[in-house]
Amino acid sequence: MHIVGILNTYTEISPEQLLPYLDAGGEDARARLRAFIRQQRATWPALEQAHCRLGERLRRTLRLPDSTVELQCNPGRARSTTAKVAADDVAQRPCFLCPGNLYPGQLGLPFAQDWLILNNPFPIFTDHLVISSMRHTDQLLASALPAMAGFVAGLEGGFSAFYNGARCGASAPDHLHFQACPAGMLPLERQLRPLLDEPPHGKTTWLFCTRDNRGIGLCRAQSREALLEQLGDMCARLSRTAAPGGEADLNLIIFGRPGHLAGVVLPRRAHRPACFFASGDGQCVISPGAVDVAGLAILPRQEDFERMTEEKMLAIYREVCLGADVMEACAP
Ligand SMILES: [Zn+2]
């Protein structure tokens with residue numbers, strides 16, 4: 001769908017602004033995206049500063065029974081982690097993803113007609129992107145899936161895309177969007193990526209497992225269309241128990257390499273664990289989204305970072321994730 005007239009044209013990067021940052025001879029999607037990121041870091045001081053601070057973040061690794069989880073202490077994420085996502089609260093704030101409300105210096109790179117690629121001003125990774133609909137419309141996976149698969153396939157797997165359901169980590173549940181990071185940044189993606197190299201059994205292959213209390217449904221596909229059909233089917237089946245017009249609570253990741261795509265479905269039981277709402281020493285400010293359930297736990301407060309243990313992390317996953325049995329029960 002073409003949306004003309006809503007977009008504030010000052011938010012869209014022009015070919016002239018992009019030109020000085022393009023590699024010689026490079027005009028493909030990857031080169032344009034690289035140039036866009038360079039332009040934004042060169043001309044938007046707050047973004048460059050946020051990336052510099054990213055290198056200073058405290059990090060450590062937890063060894064859980066089935067996998068490793070990385071902890072990142074990131075005070076820059078406090079606002080997102082504690083974002084009020086109730087409908088009333090959301091309705092009272094200006095939407096920071098609407099094209100007319102972008103930050104000073106922030107520009108968007110148009111993508112697939114009605115999307116804008118934006119640099120995330122509060123990055124978790126180097127080159128952390130938000131791909132936002134040009135329309136202010138509800139966060140729904142069915143609306144985001146085709147763009148997510150197109151984004152990953154168009155960049156030949158150089159970036160991975162992830163989606164937070166409206167009640168599963170999205171800090172703007174009222175504005176359709178997904179996020180992206182360079183391939184290999186998400187621990188779960190690194191753990192699952194070798195499966196892309198296994199010989200396929202037909203056009204699509206599902207694999208279900210529960211690792212460290214997180215149910216994981218992995219779908220491998222040789223074409224974008226086949227992946228979309230399978231993921232769309234699975235999410236529709238999971239959503240049968242959701243309110244009419246709503247969707248199942250879940251996070252979803254798409255990654256790939258040339259000629260291969262994979263989708264990872266992570267169904268959710270709860271948005272935030274009880275420790276988020278606790279007070280005193282029992283409190284731990286963690287609000288898991290796709291990144292956290294994919295093995296990179298973001299903790300804005302240093303005391304939570306220092307006090308996190310293997311047992312607490314497993315308990316948080318048990319509280320907010322469902323097992324793989326819910327997906328196996330509704331597999332085609
Ligand atoms: Zn909006």
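Please specify each residue of segment 53-109 satisfying the condition of being within 18 Å of the chain's Cα centre (by Cα) and basic (Lys, Arg).
The answer is ARG77, ARG79.
Listed here are the residues, each with its yes/no results for (1) closer than 16 Å to LEU107 by Cβ; (2) modelled with pLDDT of 95 or more.
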| site | (1), (2) |
| --- | --- |
| ASN8 | yes, no |
| ASP28 | no, no |
| GLN39 | yes, yes |
| GLY55 | no, no |
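Which one is nearest to THR205 (Cα to Cα) among residues in segment 260-280 that are free of Cβ contacts under 8 Å to residues at least 12 places away in the same chain and either charged (D, E, K, R) or surrounded by fewer than 18 Cβ atoms within 10 Å (Cβ to Cβ) (or both)?
PHE277
Condition (residue is under 17 Å from the mean Cα position of the chain (by Cα), within 13 Å of PRO146 (Cα to Cα) and surrounded by 15 or more Cβ atoms within 10 Å (Cβ to Cβ)) applied to segment 230-240: is it met by at least one residue?
The answer is yes; a qualifying residue exists.
If you check every pair at least six apart or on different chains, which have Cβ atoms under 7 Å apart with a residue in segment 131-142 that is closer than 11 Å to ASP174 by Cβ and of a type in the set (Val, Ile, Thr) first and a residue that is at pLDDT below 95 and near the ligand (Cβ under 8 Å from one of its atoms) second?
The qualifying pairs do not exist here.
Could you give every pair whose Cβ atoms fall below 6 Å, whose first residue belongs to segment 87-98 and is more than 19 Å from GLY169 (Cβ to Cβ), and whose second residue is within 10 Å of the ligand (Cβ to nearest atom), counting only separations of at least 6 or pairs across chains?
What qualifies is PRO94/ASN101; CYS98/HIS136.
Look at PRO182 and say whether it is of a type outside the set (Val, Ile, Thr), surrounded by fewer than 17 Cβ atoms within 10 Å (Cβ to Cβ) and either under 25 Å from TYR103 (Cα atoms) or under 11 Å from the mean Cα position of the chain (by Cα) (or both).
For PRO182, the condition - of a type outside the set (Val, Ile, Thr), surrounded by fewer than 17 Cβ atoms within 10 Å (Cβ to Cβ) and either under 25 Å from TYR103 (Cα atoms) or under 11 Å from the mean Cα position of the chain (by Cα) (or both) - is met.
Conditions tested, residue by residue: (1) among the β-branched types (Val, Ile, Thr); (2) in contact with a Ser or Thr (Cβ under 7 Å, 6 or more places away or on another chain); (3) under 27 Å from ARG220 (Cα atoms).
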position: LEU252; (1), (2), (3): no, no, yes
position: VAL265; (1), (2), (3): yes, no, yes
position: ARG269; (1), (2), (3): no, no, yes
position: ALA290; (1), (2), (3): no, no, yes
position: LEU299; (1), (2), (3): no, no, no
position: LEU322; (1), (2), (3): no, no, yes
position: ALA329; (1), (2), (3): no, no, yes
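I need every pair where a residue in segment 108-129 that is touching a residue at least 12 places away in the same chain (Cβ under 8 Å) and under 10 Å from LEU33 (Cα atoms) has its Cβ under 8 Å from the Cβ of a residue that is crowded, with 18+ Cβ neighbours inside 10 Å and of a type in the set (Lys, Arg), sequence separation at least 6 or different chains.
Final answer for the pair search is LEU109/ARG32.
When you go through ALA86, ALA112, ALA78 one by one, which is the residue that is small (Gly, Ala, Ser), on the phi > 0 side of the Ramachandran plot and more than 16 Å from the ligand (Cβ to nearest atom)?
Exactly one residue qualifies, and that residue is ALA112.
Going residue by residue through segment 80-89, is there one that turns out to be at pLDDT below 95, more than 22 Å from GLY246 (Cα to Cα) and surrounded by 21 or more Cβ atoms within 10 Å (Cβ to Cβ)?
Yes, some residue in segment 80-89 is at pLDDT below 95, more than 22 Å from GLY246 (Cα to Cα) and surrounded by 21 or more Cβ atoms within 10 Å (Cβ to Cβ).
Restricting segment 131-149 to residues that are closer than 21 Å to GLU12 by Cα and surrounded by fewer than 19 Cβ atoms within 10 Å (Cβ to Cβ), which is nearest to the ligand (Cβ to nearest atom)?
HIS136
Looking for something in a strand (DSSP E or B), over 25 Å from PRO65 (Cβ atoms), among the aliphatic types (A, V, I, L, M) and in contact (Cβ under 8 Å) with a residue 60 or more places away in the chain - is there at least one such residue anywhere in segment 236-247?
No, segment 236-247 contains no residue that is in a strand (DSSP E or B), over 25 Å from PRO65 (Cβ atoms), among the aliphatic types (A, V, I, L, M) and in contact (Cβ under 8 Å) with a residue 60 or more places away in the chain.
Within segment 152-174, work out how many residues are of a type outside the set (Lys, Arg) and either within 16 Å of the ligand (Cβ to nearest atom) or farther than 21 Å from PRO187 by Cβ (or both).
Count: 10.
With the checklist (1) within 16 Å of the ligand (Cβ to nearest atom); (2) farther than 24 Å from ALA290 by Cα; (3) touching a helix residue (DSSP H, G or I) at 6+ places or on another chain (Cβ under 7 Å); (4) not acidic (Asp, Glu) in hand, flag the one item GLN92 doesn't pass.
Here GLN92 clears every test but (3).
The conditions are (1) within 27 Å of ARG34 (Cα to Cα); (2) more than 13 Å from the chain's Cα centre (by Cα), and ALA161 fails exactly one of them. Which is it?
(2)
Of all residues in segment 96-107 being within 13 Å of the ligand (Cβ to nearest atom) and surrounded by 19 or more Cβ atoms within 10 Å (Cβ to Cβ), which is nearest to ILE298 (Cα to Cα)?
By that ranking, first place goes to LEU97.
Out of everything in segment 115-130 that is under 22 Å from ALA149 (Cβ atoms) and polar (S, T, N, Q), what residue ends up being nearest to the ligand (Cβ to nearest atom)?
For segment 115-130, the residue satisfying everything is ASN120.
The values are calculated or read from the model by the stated rules, or taken from the named source; none is laboratory data. Keep in mind the model is a prediction, meaning the values are calculated, not measured. Because the Cβ atoms are built from the backbone with ideal geometry, glycine has one as well, and the counts that use them run over all protein chains shown.
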